[in-house]
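Trainee: Shown below is the structure under consideration.
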Amino acid sequence: MPKVFFTPGPAQLYPTFEPHVLTAVREQIGSISHRSKQFKAIYQHADEQLRLLLHIPATHAILFTGSATEIWERALQNGSGRESFHLVNGSFSKRFYEFASELGRTAHKVEAPFGSGFNLDDIILPEGVELVCLTHNETSSGVSTTVADIHQLKRRYPDKLFVVDMVSSAPYPDFDFSLVDSAFFSVQKGFGLPAGLGVWIVNERFLHKAESLKAQGTYIGTHHSLPTLWKNYKSFETPATPNVLGIYLLGRVAQDMNQKGITEIRRETENRAERIYKLLEDHPVLKPAVTNPKHRSHTVLVASTTDSAPAIIEGLKAKNIVIGSGYGTYKETQIRIANFPANTEEQVGSLLTALQKSS
């Protein structure tokens with residue numbers, strides 16, 4: 001019996017992944033040139049489907065990189081010459097902050113304890129900050145910052161560039177991209193695809209900032225600088241040979257999601273999260289690790305346990321259900337459960353039944 005994955009990434013493959021791979025093999029997608037008309041059509045198709053799915057306006061380009069981690073670096077290089085600002089409440093938002101320091105930026109941060117969120121009304125941005133770096137969904141801790149709060153902070157600071165890490169929440173959040181200059185994700189989580197592709201959504205203001213920095217002599221990268229990526233994007237090309245198969249599969253899965261409807265995907269995500277959190281609240285040994293319901297992620301749910309987390313994980317694995325361990329120092333005391341679109345209602349039901357017996 002095949003395993004069912006509720007891991008926070010790589011995660012369960014999308015149900016239509018296999019037939020799309022077989023089609024790609026038949027059409028020899030893995031061997032085509034990234035300068036060919038066929039590849040340009042593949043890029044354009046992925047662009048169109050993601051635009052429809054996430055309501056991305058024409059002011060924003062959709063660019064492809066090797067990973068979301070790469071985009072941390074690209075965004076910092078191209079969006080800030082001196083100062084960035086970061087909200088840190090877990091391991092990944094912290095690493096984003098550390099990247100800025102390693103790149104020589106003056107990196108400001110407001111840090112919350114692991115498992116806690118922020119009151120964005122209290123956030124005051126230093127005057128010199130050029131780029132505000134936010135993590136919508138902290139994969140390590142299961143904390144989410146609401147879309148409404150991110151929008152409101154941008155309204156308070158319209159002249160600052162905002163970049164949002166939506167790695168472990170896309171396609172769930174409904175961002176107004178007139179209030180988000182840039183966002184990014186990778187495909188091995190909510191899109192149910194193998195790792196190896198980062199997606200960078202970025203607007204013209206961000207591009208103009210990069211061009212200005214370059215004109216001032218600031219190093220913004222070489223082959224994958226934003227101006228270079230954008231120039232190639234205009235003809236649905238990439239500067240270097242990309243993950244052609246990954247782009248093809250992303251376009252196909254995004255199309256499948258559009259056929260289902262993003263409204264339905266979001267409704268299912270919320271309903272499943274509600275069911276899982278209700279079970280955790282009533283469970284004898286598992287409890288939601290994020291105590292404030294407002295800050296609980298809908299897509300990566302973290303539970304603390306008074307029993308051995310590895311024992312719970314192994315018990316579920318014996319039933320062919322794979323969940324994630326706690327992150328870093330929390331491996332012994334927490335579990336992480338992904339709630340991504342690839343999992344079916346039947347699979348979620350089996351997970352809930354198995355968790356109920358984990359006591």
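Trainee: Among the residues of region 30-43, is there at least one that is out of contact with any strand residue (DSSP E or B) (no Cβ under 9 Å at 6 or more places or on another chain), at positive phi and outside any strand (DSSP E or B)? Show your work before the answer.
Mentor: Filtering region 30-43 for residues out of contact with any strand residue (DSSP E or B) (no Cβ under 9 Å at 6 or more places or on another chain) gives 30-42.
Then keep just the ones that are at positive phi; that gives none.
So far as region 30-43 goes, no, none of its residues is out of contact with any strand residue (DSSP E or B) (no Cβ under 9 Å at 6 or more places or on another chain), at positive phi and outside any strand (DSSP E or B).
Trainee: I need the strands (runs of 3 or more DSSP E) fully contained in region 49-165, keeping only those with at least 2 residues that are more than 30 Å from His34 (Cβ to Cβ) and either in contact with a Gly (Cβ under 9 Å, 6 or more places away or on another chain) or touching a residue at least 12 places away in the same chain (Cβ under 8 Å) (or both).
Mentor: Result: 83-88, 106-111, 131-135.
Trainee: In the set Gly192, Gly115, Gly196, Gly142, which member is touching a helix residue (DSSP H, G or I) at 6+ places or on another chain (Cβ under 6 Å), on the phi > 0 side of the Ramachandran plot and at pLDDT 95 or above?
Mentor: The match here is Gly196.
Trainee: Hey, another quick one. Out of all the residues in region 324-333, is one or more basic (Lys, Arg), over 28 Å from Asp149 (Cβ atoms) and within 26 Å of the chain's Cα centre (by Cα)? Write out each step before concluding.
Mentor: Residues of region 324-333 basic (Lys, Arg): 331.
Right, trim to over 28 Å from Asp149 (Cβ atoms) and you get 331.
Those still in the list that are within 26 Å of the chain's Cα centre (by Cα) too: 331.
There is at least one residue in region 324-333 that is basic (Lys, Arg), over 28 Å from Asp149 (Cβ atoms) and within 26 Å of the chain's Cα centre (by Cα).
Trainee: In region 25-42, is there at least one residue being of a type outside the set (Gly, Ala, Ser) and farther than 30 Å from Asp256 by Cβ?
Mentor: Within region 25-42, not a single residue is of a type outside the set (Gly, Ala, Ser) and farther than 30 Å from Asp256 by Cβ.
Trainee: Follow-up. Exactly one of these conditions fails for Pro19: (1) in a helix (DSSP H, G or I); (2) more than 15 Å from Gln255 (Cβ to Cβ); (3) of a type outside the set (A, V, I, L, M, F, W, C). Give me its number.
Mentor: Going through the list (1) in a helix (DSSP H, G or I); (2) more than 15 Å from Gln255 (Cβ to Cβ); (3) of a type outside the set (A, V, I, L, M, F, W, C), Pro19 breaks only (2).
The values are calculated or read from the model by the stated rules, or taken from the named source; none is laboratory data. Model, not experiment: these values are computed from the prediction. Cβ coordinates were reconstructed from backbone atoms using ideal geometry, including for glycine residues, and neighbour counts include every protein chain displayed.
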